[in-house]
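This report concerns only the one structure given below.
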Amino acid sequence: MRTLQLRVNGEPVAREIPDNRLLVDFLRYDLGLTGTKEGCSVGVCGACTVLLDGQPVSSCIALAVMADGCEVTTIEGLAEDDRLHPLQRAFIEYGGFQCGICTPGQIMAAKALLDVNPHPSKEEIQGWMMGNLCRCTGYYKIIESIQAAAEGKGVS
Amino acid sequence: MHAITYESPKSLAQALSLLSATGEKGRLLAGGTDLLIQMRAGVRKPEQLIDAKSIPELQVLSFNSQDGLRVGAAVPCCRLIEDPAVRQHYPGLVEAAGLIGSVQIQSRCSLGGNLCNGSPAADTTPALIALGAVCHVASSKGTRTVAVEDFVVSPGRTVLQADELLVEFRIPAPKPHSADCYQRFIPRNEMDIAVVGVGAAVTLNGDTCTAARISLGAVAPTPLFAKEAGASLVGKPLNESTIAAAAALAQQIAVPITDMRGTAEYRKHMVGVLTRRVLTTAAERARAK
């Protein structure tokens, strides 16, 4: 057991956890931030994507202790004062999800992309997002949503 | 997952002293993108994880035209791929590192982790062998160097002793008119394990090849250095027939297995195809320099 100290969605957090606690379990069960989903459990599907010091990581194959002293951003941290993030609005406006399970991971990965490349081409979006699987949409609407958010279309 | 203790040493000396105290029960944690999957599945059960993140020696990334490239064992692949000197001088290494997983994986995975995991199909290992990379290994008793092609001894096992850790890779400076290339075959576009991977690095003097190294992944219990295949090109022009002869020599040392990713016959065939492709591309890159 150790006391983990970090920032989650801008707020300081201190929790006692065992060293083998996975980051996804820490977020979901210790902090109740169930927006982050666990899909494949082997770092392939992208559903559990969160930002660790701004970098997209698969929280199912990271230990919570690896985030000690870091800043973690989850889907719950994107909206500001009840105002949805442009990516969240775009996914709603452009039909970027159906069942919704993969959506938090899709949006966190897309946020990491737009943070480093605010105006990506379609090919750059496809290349970056290939680690986020979706079994409903066929991906077209996800790509359109990210393009729309990047262009500021219909997401004001 | 089983109970563990986690340490995050701030220096190499501290890490080595932890490792010499824990021995077989300890394991270095680089990005964890292989190790934590194996621990979740119960395949590996280290009692203590020693995180490389805060060990400065394992995070070195520097290049100069005399000594070449130094890459700390735990440098995340995303940092390596974005480095301008690495992109300019070692495009094959960038190709290999860029093939590992998604951006979520590349933000954590490392050359050292990829090698120490000991997979015969590791993508960056053939790229490192082609470049003649050398591993710098340390324990509390001293240091030693090991060529990358001698590092993996069987699937999942390496030459590292229980008290040793991989500190960094040293990759020779590129000679004029030299270049590398790495390609793999997988049945889909992304996010898969190599059916076959081939690396090559060539040096040209005019039309004549003065040095060539070829390496193979996923066609033997360990990544292979196809020494004779590379040597066959030295003193000759790189053309269709010399490249085909080198590819045939590379095929000779491949001893693949049949599994769900491909048959032994198909893998052997693909060694020939990919060796021809990577040699052709490496030669084009070397001529363009």
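Here are the numbers for this structure:
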item	result
Accessible surface of segment A:86-151, 1.4 Å probe, proportion on carbon and sulfur as whole %	56
Within 10 Å of each Cβ in A:61-74, the average number of Cβ atoms from other chains	4
Accessible area expressed per residue, the protein assembly as shown, with surrounding protein chains retained (probe 1.4 Å, Å²)	42
Shielded by partner chains, segment B:91-116 residues - at least 50 Å² of accessible area, 1.4 Å probe, vs chain alone	B:Val103, B:Gln104, B:Arg108
Residue-wise HN-Hα coupling along segment A:115-122, computed from phi with Karplus coefficients 6.51, -1.76, 1.60 (Hz; x: Gly, Pro)	5, 9, 9, x, 10, x, 6, 4
Surface share of carbon and sulfur [accessible, 1.4 angstrom probe, percent] for chain B	52
Members of segment A:110-132 that become less accessible by 10 Å² or more once partner protein chains are added (1.4 angstrom probe, chain alone as reference)	A:Trp128, A:Met130, A:Gly131
Shape of segment B:144-289, Cα gyration tensor, a/c cut at 1.5	oblate
Across A:Lys111/B:Lys53; B:Lys53/B:Lys227; B:Lys45/B:Lys227; A:Lys37/A:Lys122; B:Lys236/B:Lys268, pairs whose alpha-carbon gap is larger than 32 Å	B:Lys53/B:Lys227; B:Lys45/B:Lys227
Distant-in-sequence amide H partners of A:Gly96 (H built 1.01 Å from N, under 5 Å)	none
Rounded tilt (10° steps) of A:140-151 against the dominant C-alpha axis of chain A	90
Long-range HN-HN contacts of A:His85 with modeled amide H, under 5 Å	A:Ala79, A:Glu80
Area hidden from solvent between B and A (accessible, protein heavy atoms only, 1.4 Å, total, Å²)	2200
Counting DSSP beta bridges with both ends in the protein assembly as shown, the antiparallel % (nearest 5)	85
Relative contact order for chain B, counting Cα pairs under 8 Å that sit 6 or more residues apart, in percent	16
For segment A:12-20, 3J(HN,Hα) per residue [Karplus equation, 6.51 cos²θ - 1.76 cosθ + 1.60, θ = phi - 60°, Hz, x = Gly/Pro]	x, 10, 10, 9, 8, 9, x, 5, 8
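The values are calculated or read from the model by the stated rules, or taken from the named source; none is laboratory data. Just so we're clear, the structure is a prediction, and the values are computed from it rather than from any experiment. Neighbour counts run over all protein chains shown; Cβ positions are idealised from the backbone, glycine included. Heads up: the accessible areas ignore ligands, DNA and RNA and are worked out on the full protein's heavy atoms, side chains in. Shrake-Rupley method; radii C 1.70, N 1.55, O 1.52, S 1.80 Å.
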